[in-house]
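The values are calculated or read from the model by the stated rules, or taken from the named source; none is laboratory data. None of these values were measured; they are calculated from a predicted model. Counting neighbours? That spans all protein chains shown, and the Cβs are built from the backbone with ideal geometry, glycine included. Note: areas computed on protein heavy atoms with side chains; ligands, DNA, RNA excluded. Shrake-Rupley method; radii C 1.70, N 1.55, O 1.52, S 1.80 Å.
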Amino acid sequence: MCEYCHTYPHMPGCPNAPEPEVVGTCAWCEEDIITGEAYAEINGKMYHADCIEDMSAGKLAELFDFEIKENAYG
Ligand SMILES: [Zn+2]
Ligand SMILES: [Zn+2]
């Protein structure tokens with residue numbers, strides 16, 4: 001049991017917690033992607049899974065290189 005946060009795994013910010021290992025930078029929010037976080041690699045760029053969830057369909061189309069078609073009536 002940790003003497004500082006009394007939890008295992010350690011609470012974020014605990015002096016005994018290991019430094020999070022940065023695996024890359026999110027091309028969307030420009031923040032670090034650290035070990036244990038879900039991410040995706042698209043066209044050589046890395047994105048948090050959470051960031052992808054927040055994207056609009058138009059942005060996703062741009063990233064994944066697909067087209068959103070207008071579906072006209074008639
Ligand atoms: Zn701790
Ligand atoms: Zn992100």
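Here are some notes:
- Test: residue in the range 3-19 that is hydrophobic (A, V, I, L, M, F, W, C), open to solvent by 80 Å² or more (accessible area, probe 1.4 Å) and in contact (Cβ under 8 Å) with a residue 24 or more places away in the chain: no
- Single residue of the range 55-74 satisfying the filter (in contact (Cβ under 8 Å) with a residue 12 or more places away in the chain and open to solvent by 80 Å² or more (accessible area, probe 1.4 Å)) that is nearest to ligand 2 (Cβ to nearest atom): Phe64
Per-residue answers, yes or no, for (1) modelled with pLDDT of 90 or more; (2) at positive phi:
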| residue | (1), (2) |
| --- | --- |
| His6 | yes, yes |
| His10 | yes, no |
| Ala17 | no, no |
| Pro20 | no, no |
| Ile33 | yes, no |
| Lys45 | yes, no |
| Gly58 | yes, no |
| Ile68 | no, no |
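- Selection of the range 20-31 for residues being within 9 Å of ligand 2 (Cβ to nearest atom) and surrounded by 13 or more Cβ atoms within 10 Å (Cβ to Cβ) yields Thr25, Cys26, Ala27, Trp28, Cys29.
- Flag: Gly36 matches the condition of being surrounded by fewer than 13 Cβ atoms within 10 Å (Cβ to Cβ) and within 15 Å of the chain's Cα centre (by Cα).
- Within the range 42-53, considering residues that are in contact (Cβ under 8 Å) with a residue 12 or more places away in the chain and loosely packed, with under 14 Cβ neighbours inside 10 Å, the one nearest to ligand 2 (Cβ to nearest atom): Asp50
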